[in-house]
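Trainee: I am attaching a structure below and will ask some questions about it afterwards.
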Amino acid sequence: MSGRIEQRERRRAWGLVLPALGWTGLFFLLPFAVMVVTSFARREGREIVLAWSLQNYVDFVEKSFLLRGLVVSLEITALVVVISVLLAYPLAWIIAERVPARWQRTALILAVLPFWTSYVVRSYAWVLLLSRNGVVNDTLLSLGLVSEPLEMASTRFATVTGFVHFFVMLLTLTIYANLVQLAPNLRRAAADLGANGWQTFRHVILPLTRPGIMVGAFLTFVLCIGDYITPQILGGNNELVLPQVIMLQLGRRADFPMAAALSLVLMAVVTLVYIAVARWMKMERT
């Protein structure tokens with residue numbers, strides 16, 4: 001009797017899982033397999049020939065403008081992650097520790113307001129703010145801090161600013177979620193053992209909130225390094241990130257094999273970063 005119940009439950013479990021597996025296979029695994037195969041093909045004239053060659057990956061390493069796209073992406077992403085963490089942690093700490101509990105929900109709603117507007121709208125808003133005739137330059141000129149407008153639009157500074165504006169709030173949520181779970185007795189215990197405020201933060205608070213920092217930092221890394229819209233609008237074409245290079249291969253050259261190879265390189269970078277972060281977090285927990 002118990003065996004029949006187990007078989008019935010197993011069939012029921014598979015019935016619930018199979019639709020999700022089918023969806024994943026159809027819309028992720030199959031397109032991914034097609035992209036992998038395409039990356040080993042070659043574009044000859046207007047035709048794509050499946051040559052099973054590594055030439056696309058060799059070209060990525062040998063052609064400086066392709067490799068430069070990955071380097072620029074990593075530089076911008078690293079800068080965005082560091083700045084976002086440094087700005088988000090104090091904000092999350094203020095909300096969790098200094099804002100009264102009855103007002104914390106309101107503070108969080110205000111913190112996530114940037115998520116309520118379109119990504120494109122936010123980017124173009126920063127273009128207006130940072131342009132030569134924008135609000136920032138007008139303010140600096142009126143205060144006498146500069147003698148002529150600064151070139152801030154279509155620069156790396158503009159791209160990083162746009163990214164940070166968005167991702168600070170994402171990191172604030174992940175860090176806040178860790179901070180509110182900390183028991184007040186931990187700080188009292190540290191104080192009883194003679195630790196001052198800085199020592200308590202360094203040896204107690206920071207290690208316990210590090211998972212929230214790493215989760216938010218990894219999400220920021222993934223969303224930032226794969227973004228095309230913000231660098232295109234705010235950065236212009238002065239410095240091309242890898243997603244822009246991939247779009248150029250598709251839009252201007254119709255070189256689908258090279259675009260597939262570059263996409264796989266980008267996915268490989270994200271996978272390596274995930275493995276490094278996951279292992280590091282597991283070590284921290286132990």
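The values are calculated or read from the model by the stated rules, or taken from the named source; none is laboratory data. Predicted model only: the values in this text are computed from it and were never measured. Note: ideal-geometry Cβ built from the backbone for every residue, glycine included; neighbour counts use all protein chains shown. When the accessible area is computed, the model is the full protein with side chains, heavy atoms only, and any ligands, DNA or RNA have been set aside. Shrake-Rupley method; radii C 1.70, N 1.55, O 1.52, S 1.80 Å.
Trainee: Could you please find all residues in segment 147-168 being assigned to a helix (DSSP H, G or I) and either open to solvent by less than 40 Å² (accessible area, probe 1.4 Å) or small (Gly, Ala, Ser) (or both)? Step through it out loud before you land on a result.
Mentor: So in segment 147-168, the residues assigned to a helix (DSSP H, G or I) come out as 156-168.
Scanning segment 147-168 gives ALA158, THR159, VAL160, THR161, GLY162, PHE163, VAL164, PHE166, PHE167, VAL168.
Trainee: Just give me the residues in segment 231-242 being surrounded by 21 or more Cβ atoms within 10 Å (Cβ to Cβ) and either among the charged types (D, E, K, R) or closer than 18 Å to MET35 by Cβ (or both), in sequence order.
Mentor: LEU242
Trainee: Another one. So for segment 207-222 (the condition being in contact with a strand residue (DSSP E or B) (Cβ under 7 Å, 6 or more places away or on another chain) and either at negative phi or at pLDDT 90 or above (or both)), does at least one residue qualify?
Mentor: No: zero hits.
Trainee: Which residue pairs have Cβ atoms under 6 Å apart, sit 6 or more places apart or on different chains, and have a first residue in segment 159-181 that is more than 18 Å from TRP93 (Cα to Cα) and a second that is of a type outside the set (Gly, Ala, Ser) and at pLDDT below 90?
Mentor: Going by the 6 Å Cβ cut-off, the qualifying pairs are PHE166/PRO114.
Trainee: Take TYR89 and decide whether it is among the aromatic types (Phe, Trp, Tyr), open to solvent by less than 40 Å² (accessible area, probe 1.4 Å) and not in a loop (DSSP other than H, G, I, E, B).
Mentor: yes
Trainee: Identify the residue in segment 245-255 that is within 15 Å of PHE60 (Cβ to Cβ) and of a type outside the set (D, E, K, R) and, among all such residues, is most open to solvent (accessible area, probe 1.4 Å).
Mentor: LEU248
Trainee: Working carefully through the options VAL80, VAL72, VAL34, find the one that is at pLDDT 90 or above, touching a helix residue (DSSP H, G or I) at 6+ places or on another chain (Cβ under 9 Å), part of a helix (DSSP H, G or I) and surrounded by fewer than 14 Cβ atoms within 10 Å (Cβ to Cβ).
Mentor: Answer to the check: VAL34.
Trainee: Filter segment 107-134 down to the residues that are among the hydroxyl-bearing types (Ser, Thr, Tyr) and part of a helix (DSSP H, G or I), then identify the one that is most open to solvent (accessible area, probe 1.4 Å).
Mentor: TYR124
Trainee: To continue, here is another question. Is it fair to say THR139 is hydroxyl-bearing (Ser, Thr, Tyr), part of a helix (DSSP H, G or I) and surrounded by fewer than 18 Cβ atoms within 10 Å (Cβ to Cβ)? Outline the logic, then answer.
Mentor: Values: hydroxyl-bearing (Ser, Thr, Tyr): yes; part of a helix (DSSP H, G or I): yes; surrounded by fewer than 18 Cβ atoms within 10 Å (Cβ to Cβ): yes.
Judged against the criteria, THR139 is a match.
Trainee: Any idea which residue in segment 1-20 is modelled with the highest pLDDT, counting only those that are open to solvent by less than 90 Å² (accessible area, probe 1.4 Å) and of a type in the set (A, V, I, L, M, F, W, C)?
Mentor: It comes out as ALA20.
Trainee: Go through segment 196-214 and report how many residues are open to solvent by 30 Å² or more (accessible area, probe 1.4 Å) and either touching a residue at least 60 places away in the same chain (Cβ under 8 Å) or not in a helix (DSSP H, G or I) (or both).
Mentor: Of the residues in segment 196-214, 5 are open to solvent by 30 Å² or more (accessible area, probe 1.4 Å) and either touching a residue at least 60 places away in the same chain (Cβ under 8 Å) or not in a helix (DSSP H, G or I) (or both).
Trainee: So in segment 256-265, with the set limited to residues that are closer than 17 Å to ALA51 by Cβ and in contact (Cβ under 8 Å) with a residue 24 or more places away in the chain, which one is surrounded by the fewest Cβ atoms within 10 Å (Cβ to Cβ)?
Mentor: Across segment 256-265, the extreme among qualifying residues is PHE256.
Trainee: Picking from PRO90, PRO100, which residue would you name as being over 23 Å from the mean Cα position of the chain (by Cα), free of Cβ contacts under 8 Å to residues at least 24 places away in the same chain and under 30 Å from LEU173 (Cα atoms)? Steps first, answer last, please.
Mentor: On the way: PRO90 fails: over 23 Å from the mean Cα position of the chain (by Cα).
Step by step, each of PRO90, PRO100 is checked, and only PRO100 is over 23 Å from the mean Cα position of the chain (by Cα), free of Cβ contacts under 8 Å to residues at least 24 places away in the same chain and under 30 Å from LEU173 (Cα atoms).
Trainee: State yes or no: is GLY162 at pLDDT 90 or above and touching a Pro at 6+ places or on another chain (Cβ under 8 Å)?
Mentor: no
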